[in-house]
Amino acid sequence: MRSRRGLAWLGAAIIGSSVAVTSAASAAGSSAQPQIYTGPSVVAQLGLIRETPAQAGVRMATPPPVGFNPLTATTAELTQYGIPVGPPAATPGYAAWAQAMSSAKTFLTDPGFASYPTLPAADASHVTQVLPQAGPGPSTIVNDTVWGGNVDRTLAPYSISYADWYVPPINFDNEGRNLSIWPGLGGGQNYNDPLLQGGSEGKETSGLVYDAWWEAYPQNAPNVLSNLAVHPGDHMFAWFGYQSPNAQFFIENETYGTYASFYYGPTQCACGSTEWIVERANRMAFWTGNLSLNNSTSYSVVYGWQSAGTPPHESHHLIDRYGNQIAYGGAWLNPPTYSSFPVTRTTAFDYGG
């Protein structure tokens, strides 16, 4: 029998959950407080508008008490404190979840919500594209003008998606390049079926800026978490879940143990797909070192916990408007679970979508 633990992950914590605006609490049984890096320069450099949680359309989770241990907590206790429910110990993806939860020591009661003055238009060229369903076999190649990575559809509907990765340094060449790395849940094909997504971003403005962000596309604009600071080399973890009528977002910088957990809704989500993606909003940045989306895991309402590479899936190859291949997902790693894959940046110049 497949585990159905994920079906009750949200529950009563959504109803009447309060917005925490006081001090952060230490979790995972450690009294040592890591340094909290704040990012006012991100707001200034990107020209963002600071928002309260209410203005951002979210409700903050309740911070866990000192000494709270996610690895021994019940599903109800995890739900109460906005901690993601993970797979059973024998399931692929458990080790990554357990590491992230053990690292999550500082809950950001003010993640520094900050919105763009105008909605970036880049996503529109992707979501209006008609994408083929994954056919028989392990992979169907899809040429995409915005995304590179992998998409699963065959085991829908989904209710949870997560992954971890290390932020690669990007090169600066005054071409306005950027690189977003994220897992996602849902398709974003219309307003009533949003794509729940978030992760890390590196972009060129007056210099290089790295940040964490989230979005329920197309219902809102990308929203930067300016107090969840991100640096090259940081280990990131992002988890998104949906149980009608609310979504939960959990984004963590594992390197510093800082995380944001909040609820968005009420909203609808058909959750017919789950994604693990590198994306560009303008021209894709060149990066140095390895870039791999690790422990890519989802929860199918019907089929239970799944590693991203085991069911038939779409391999999205990022191309520009002239058909140059810019980035693509490489061969799956970690057999037999096939939950991780590298993303390769080609040497082609990106001429945009």
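Every number in this text was worked out from the coordinates using simple rules, so none of it is lab data. Because the structure is a prediction, the values reported are computed rather than measured. Ideal geometry is used to build each Cβ from the backbone, glycine not excepted, and the neighbour counts take in all protein chains shown.
Using the Cβ atoms and a cut-off under 15 Å, what net charge is assigned to the surroundings of A95, where Lys and Arg are +1 and Asp and Glu are -1?
Charge balance near A95 sits at -2.
What residues from region 294-320 fall in the zone where the backbone N is under 14 Å from a label point 7 Å along the Cα-to-C-beta line of V142?
Hits in region 294-320 for V142 at 14 Å: 312-319.
For R321, R345, what's the fewest-to-most ordering of other Cβ within 10 Å of each Cβ?
R321, R345
Taking the Cβ of each residue in L195, L185 as the centre, tally the other Cβ atoms inside 10 Å and list the residues starting with the fewest.
Sorted ascending by nearby Cβ count, the order is L195, L185.
Separation between the A95 and E51 pseudo-spin-labels, each 7 Å from Cα along Cα→Cβ, expressed in nm?
A separation of 3.8 nm, rounded to one decimal place.
What number comes out for the charge environment of D173, summing +1 per Lys or Arg and -1 per Asp or Glu over other residues with Cβ under 13 Å away?
So the environment of D173 carries a net charge of 0.
Give me I160, I277, I170 sorted ascending by neighbouring Cβ count inside 10 Å, so fewest comes first.
Sorted ascending by nearby Cβ count, the order is I170, I277, I160.
May I ask for the net charge around N150, where only other residues with Cβ less than 12 Å from the Cβ of N150 are counted and Lys, Arg are +1 while Asp, Glu are -1?
Neighbourhood net charge equals -3.
Ordered by packing density, taken as the mean number of other Cβ atoms within 10 Å over each peptide's residues, highest first, how do 44-55, 323-334 rank?
323-334, 44-55
Which whole-angstrom value gives the distance between the alpha carbon centres of region 83-108 and region 191-217?
23 Å
Please label the shape of region 182-322 as rounded, prolate or oblate, based on the square roots a ≥ b ≥ c of the eigenvalues of the alpha-carbon gyration tensor (a/c under 1.5 means rounded; beyond that, a/b larger than b/c means prolate, else oblate).
rounded
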